[in-house]
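Heads up, the thing below is written out as structure tokens.
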Amino acid sequence: MRFGLFLPPFHAIDENPTLAFERDLQLLEALDRMGYDEAWIGEHHSGGWETITDPAVFIGVASQRTKRIMLGTGVTSLPYHHPLNVADRMTLLDHLTRGRVMLGVGPGALPSDAAMMGIEHSQLRTRMDESLGCILRLLAGETFSYKADWFELDNARIHVLPYTQPRFPIVVACVQTPSGPTVAGRHGVSLLAIGSTVFGGLGDYKDMWDTAQAAATEAGNVMVRDDWRIVMPIYIAETRKEAMRDVTDGFRRVEDEYIGRVVGIPHRAENTIEGLVERDLAIIGSPDDAVESIKRLEEASGGFGTLLGIGYEWTSHEKLLKSYEMFARYVMPQFQGSLLGPVASADLVASQATEINQRRAKATIKAFEDGGRTMSDEARRAVGLTQEH
């Protein structure tokens with residue numbers, strides 16, 4: 001299993017935005033050092049909290065401050081962009097990062113973004129579907145014409161093909177409706193299932209996958225579970241009580257000040273930290289709690305490839321870094337096979353310890369005898385030998 005971050009981001013409106021951007025970059029640098037696999041950067045244009053407006057620009061900067069972590073747009077809102085620009089921009093990033101970029105697409109999460117651009121919300125999903133089809137053809141090196149009611153391609157092609165062959169990974173964001181899984185299956189790309197507290201989260205992952213699989217089969221495509229990403233809030237501390245205590249106030253602030261007041265979605269009684277954890281829509285607790293939660297998620301979904309934590313700033317930057325570190329040290333290895341070698345080696349040595357120590361004891365006694373001396377009781381005790389040896 002792979003692990004990473006989904007960074008919308010969420011920054012309170014009472015702090016310096018410049019410093020918030022820098023903190024986001026420092027977080028990606030830390031995750032890169034800790035061995036996380038991926039980070040996805042959001043695109044939003046209104047509301048004051050999710051302040052990264054162009055994930056491609058942010059990824060360009062982040063790629064120069066990291067070494068190995070994959071960087072994706074989480075997501076590029078396709079109805080806001082001409083598909084040729086999207087294909088060109090991502091291809092350029094693919095070359096500049098030597099194959100470390102991924103394209104996540106969606107219709108646009110905030111209704112206020114579309115409203116400012118004069119786009120009817122009912123048009124967003126159709127336009128995303130239409131744009132994605134053209135982007136895939138452009139990335140494949142096709143030259144073609146296409147006329148839509150909101151963009152046009154006239155004998156168009158991209159003049160540099162992707163660095164990653166045949167192309168970089170592409171995923172469709174899925175939040176509430178069957179539209180995302182259907183589009184993903186029809187175009188033969190994968191899913192990014194976002195269990196966000198903003199929209200109440202997702203739970204029926206099996207139905208989501210079945211929907212995508214049915215659409216893929218009809219279109220002659222094949223869905224690959226290992227390419228499926230699931231996104232949810234994650235926070236780890238030494239104990240579950242400590243973890244809950246750390247994030248409760250920050251969670252309530254996001255719910256009240258951003259989701260409730262700015263986005264305008266009324267708070268639901270069941271939308272509490274405890275309620276999210278109970279419904280397996282968030283992983284909050286100790287490392288052991290996290291391991292059990294992920295195992296339940298694997299079973300409920302039928303299997304997936306990557307788990308991404310949402311970048312909520314529910315507590316201090318220092319505590320968040322500690323959470324990411326603990327997750328990397330104690331949770332990720334349980335699902336990556338990296339403990340198999342140390343555990344197997346320790347078990348092997350333990351199973352032979354008695355026999356090996358007996359041989360060591362005999363060799364130690366012989367060394368004294370070869371020197372014409374007899375080991376004293378004190379010397380025996382010092383090297384862990386008994387009179388029996």
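Among the strands (runs of 3 or more DSSP E) lying completely within the range 177-277, list those that include at least 1 residues that are within 20 Å of A12 (Cβ to Cβ).
On the way: elements: 190-194, 229-232, 234-236.
By residue number, 234-236.
Going by what's in this entry, would L385 be described as over 30 Å from E298 (Cβ atoms) and either surrounded by 10 or more Cβ atoms within 10 Å (Cβ to Cβ) or at pLDDT 95 or above (or both)? Before you say what the answer is, go through the steps one by one.
Working: over 30 Å from E298 (Cβ atoms): yes; either surrounded by 10 or more Cβ atoms within 10 Å (Cβ to Cβ) or at pLDDT 95 or above (or both): yes.
In short, yes.
Which numbered condition trips up T76, out of (1) in a helix (DSSP H, G or I); (2) within 18 Å of P162 (Cα to Cα)?
(1)
Note down all Cβ pairs under 7 Å where the first residue falls in the range 245-265 and is assigned by TED's automatic domain parsing to the domain that holds G285, the second is outside any loop (DSSP other than H, G, I, E, B) and surrounded by 14 or more Cβ atoms within 10 Å (Cβ to Cβ), and they're at least six residues apart or on different chains.
Going by the 7 Å Cβ cut-off, the qualifying pairs are D246/Y235; D246/K319; V247/Y235; V247/I273; V247/I284; T248/I273; F251/I273; I265/I259.
With the requirement that a residue be surrounded by fewer than 22 Cβ atoms within 10 Å (Cβ to Cβ), in contact with a helix residue (DSSP H, G or I) (Cβ under 7 Å, 6 or more places away or on another chain) and farther than 23 Å from F6 by Cβ, what does the range 81-120 give you?
The answer is L84, M117, I119.
Does at least one position in the range 24-37 carry a residue that is closer than 22 Å to H187 by Cβ and either at pLDDT below 95 or in contact with a strand residue (DSSP E or B) (Cβ under 8 Å, 6 or more places away or on another chain) (or both)? Quick ask: steps written out before the conclusion?
Filtering the range 24-37 down to residues closer than 22 Å to H187 by Cβ leaves none.
Within the range 24-37, not a single residue is closer than 22 Å to H187 by Cβ and either at pLDDT below 95 or in contact with a strand residue (DSSP E or B) (Cβ under 8 Å, 6 or more places away or on another chain) (or both).
Return only the number of the condition from (1) closer than 23 Å to A109 by Cα; (2) surrounded by 21 or more Cβ atoms within 10 Å (Cβ to Cβ) that A56 does not satisfy.
Among (1) closer than 23 Å to A109 by Cα; (2) surrounded by 21 or more Cβ atoms within 10 Å (Cβ to Cβ), A56 violates only (2).
Mind listing just one residue for me: the one in the range 142-157 that is surrounded by 14 or more Cβ atoms within 10 Å (Cβ to Cβ) and out of contact with any strand residue (DSSP E or B) (no Cβ under 6 Å at 6 or more places or on another chain) and, of those, nearest to M128 (Cα to Cα)?
Going through the range 142-157, the residues surrounded by 14 or more Cβ atoms within 10 Å (Cβ to Cβ) turn out to be 146, 151, 153, 156-157.
Then keep just the ones that are out of contact with any strand residue (DSSP E or B) (no Cβ under 6 Å at 6 or more places or on another chain); that gives 151, 156-157.
Numbers: F151: 12, A156: 19, R157: 19 Å.
Checking each candidate, the answer is F151.
Take the residues in the range 4-18 that are among the hydrophobic types (A, V, I, L, M, F, W, C) and more than 18 Å from A62 (Cα to Cα), then tell me which one is surrounded by the most Cβ atoms within 10 Å (Cβ to Cβ). Give the steps one after another, and end with the answer.
Just the residues of the range 4-18 that are among the hydrophobic types (A, V, I, L, M, F, W, C), to begin with: 5-7, 10, 12-13.
Okay, now just the ones that are also more than 18 Å from A62 (Cα to Cα), so 12-13.
On the way: A12: 14, I13: 12.
Ranking the qualifying residues of the range 4-18, first place goes to A12.
Checking T315 against (1) more than 25 Å from S190 (Cα to Cα); (2) hydroxyl-bearing (S, T, Y); (3) more than 18 Å from the chain's Cα centre (by Cα); (4) assigned to a helix (DSSP H, G or I), which test does it fail?
(4)
Give the range 278-289 a look and list any residue that's surrounded by fewer than 16 Cβ atoms within 10 Å (Cβ to Cβ) and in a loop (DSSP other than H, G, I, E, B), or say none.
R279 - this is the single residue of the range 278-289 that is surrounded by fewer than 16 Cβ atoms within 10 Å (Cβ to Cβ) and in a loop (DSSP other than H, G, I, E, B).
The values are calculated or read from the model by the stated rules, or taken from the named source; none is laboratory data. Source: prediction; values computed, not measured. For neighbour counting, all protein chains shown are included, and Cβ atoms are generated from backbone atoms with ideal geometry for every residue, glycine included.
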